Amino acid sequence: VPFNFPSYTVNRFSVATFNYLNYATATKHKESKLYLNDFFYPLDRIANWNRIYGRKGFIEYQAVVPFDSAYEVISELLKKITKSKLGSTIAAVKPLAKSDGLISFPIDGFTLAVDFAYSENLLPLLDQLDQIVIASGGRVYLAKDARLSGKSFKKMYSNSLEKWELIREKNQVKQNFTSAMFNRLSGT
């Protein structure tokens with residue numbers, strides 16, 4: 001994609017057309033071999049695909065919620081998104097397995113990833129989605145986040161923050177081992 005498209009380009013009609021063409025092309029030869037990545041990640045074949053969202057770009061909101069409440073919580077998140085009329089045209093739901101990493105995103109549950117065209121009205125919606133995720137015992141994917149509040153971060157990742165601080169103190173790197181994101185989320 002050589003330039004930024006107009007902001008209205010990504011809509012339910014353009015995405016439906018893209019999905020139809022992608023599916024039709026992928027299933028054209030039923031007996032041919034097709035790699036999963038080629039079928040499930042079609043945008044990866046398009047250089048600079050993010051320009052399709054226009055100059056303001058997009059925000060991907062990704063959260064994981066525990067298995068036991070996933071259906072209800074993801075349904076609630078999608079209803080909230082639909083009601084906002086800021087609805088995403090691209091979304092994915094996938095199972096996830098717990099990771100042993102200290103401040104790690106994966107828990108045993110389902111992850112919902114939603115792409116939104118950026119707008120000023122989007123940030124309050126994402127804050128509301130955060131509260132639903134927190135109430136379920138879930139968390140937001142920090143690698144794709146630039147707006148989560150420190151308060152929400154501490155609720156989502158509280159089980160590992162104390163250990164993280166102890167490691168930083170024990171190794172005497174509290175002032176030297178940090179990042180802009182951690183400073184934003186921890187209020188330092």
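The values are calculated or read from the model by the stated rules, or taken from the named source; none is laboratory data. The shown structure was predicted, so the numbers you read here are calculated from the model rather than taken from an experiment. A quick note on method: Cβ atoms are made from the backbone with ideal geometry, for glycine too, and the neighbour counts reach across all protein chains shown. Keep in mind that these areas ignore ligands, DNA and RNA; they rest on the heavy atoms of the full protein, side chains included. Shrake-Rupley method; radii C 1.70, N 1.55, O 1.52, S 1.80 Å.
Data table
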item	result
Hits among lysines - C-alpha to C-alpha of Lys56 under 21 Å, sequence gap 8 or more where chains match	Lys85, Lys144
Relative pair counts by distance (%), Cα atoms of the chain, 5 Å bins	1, 7, 13, 16, 16, 15, 13, 9, 5, 2, 1, 0, 0
Qualifying aspartates and glutamates (Cα of each under 18 Å from Cα of Lys151; at least 8 residues distant if same chain)	Asp127, Asp130, Glu162, Glu165
On Cα atoms only, tilt of 158-170 relative to the major axis of the chain in degrees	60 degrees
Extension gain, Ser179 back to Leu161 (0.36 nm per residue minus Cα-Cα distance, nm)	5.0 nm
Descending Cα extents along the principal axes, region 49-144, whole Å	38, 26, 19
Computed log₁₀ I(q)/I(0) - Debye formula, equal Cα scatterers, no solvent, region 43-94, q 0.19 Å⁻¹	-0.80
Reciprocal of mean inverse Cα separation for region 111-178 (Kirkwood radius, Å)	13.8 Å
Helix-only [θ]222 nm of the chain, DSSP H runs n ≥ 4, -39500 (n - 2.57) each, per residue, nearest 500	-12500 deg cm²/dmol
Proximal aspartates and glutamates to Lys163, defined as alpha-carbon separation beneath 18 angstrom and excluding residues fewer than eight positions away on the same chain	Asp100
Point-charge dipole on Cβ atoms (K/R +1, D/E -1) for region 29-175, about Cα centre, debye to 20	360 debye
Full-extension gain in nm, Phe18 to Lys144, via 0.36 nm per residue minus C-alpha separation	42.9 nm
Carbon and sulfur %, accessible surface of region 54-108 computed with the full protein complex present, 1.4 Å	55 percent
Between helix 122-136 and the chain: long-axis angle, C-alpha atoms, 0 to 90°, nearest 10	60 degrees
Accessible area per residue, Å², the chain with all protein chains present, probe 1.4 Å	66 Å²
Estimated inter-spin distance, Ser75 and Lys94, nm [label 7 Å along Cα→Cβ]	2.5 nm
